[in-house]
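Quick notes on the structure that follows.
Quick note: the coordinates plus some simple rules give every number you see, no bench work behind them. Quick caveat: nothing in here was measured; it's all calculated off a predicted structure. Reconstructed Cβ throughout: ideal geometry from the backbone, glycine too, with neighbour counts over all protein chains shown.
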Amino acid sequence: MLPQEGQLLRIFIGESDRYEGKPLYEWIVRQAREHHMAGATVVRGLEGFGAHSHMHTAKILRLSQDLPIIIEIVDTAEKIQSFLPIIDGAIAEGIATLEKVRIHFYRGGNAADSPAEA
């Protein structure tokens, strides 16, 4: 169960970024799971640029192997704050942002069993 007030950690990295021999986004998601975060989602961007202003795009004529990746993790502020030092050293280039969020619902299992459905 999550409280209504939470925090969103959004991490922007490149698809080709690696850590401990695997894609960095996979490593971060596995760390989130091992540290019992509420959940994590990875989104692959179609186009973007970062600190070096180098354009990364999925256009057909110029296929990029380093498209933007966004990892979003929502949990309590306390759990997000304790998770940041775990991943900080693994991210050589990128940006992480934090936002306050209002959690409307967080369900697992069969939605029909949810008290909101009763």
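For the reader, a short list of remarks on this structure follows.
- Of everything in the range 1-23 that is under 11 Å from the mean Cα position of the chain (by Cα) and not aromatic (Phe, Trp, Tyr), the residue that is farthest from Ile87 (Cα to Cα) is Leu8.
- Of residues in the range 88-109 being touching a Leu at 6+ places or on another chain (Cβ under 9 Å) and among the β-branched types (Val, Ile, Thr), the one farthest from Pro23 (Cα to Cα): Ile103
- Within the range 75-97, the residues that satisfy the criterion of being touching a Phe, Trp or Tyr at 6+ places or on another chain (Cβ under 7 Å) and small (Gly, Ala, Ser) are Ala90, Gly94.
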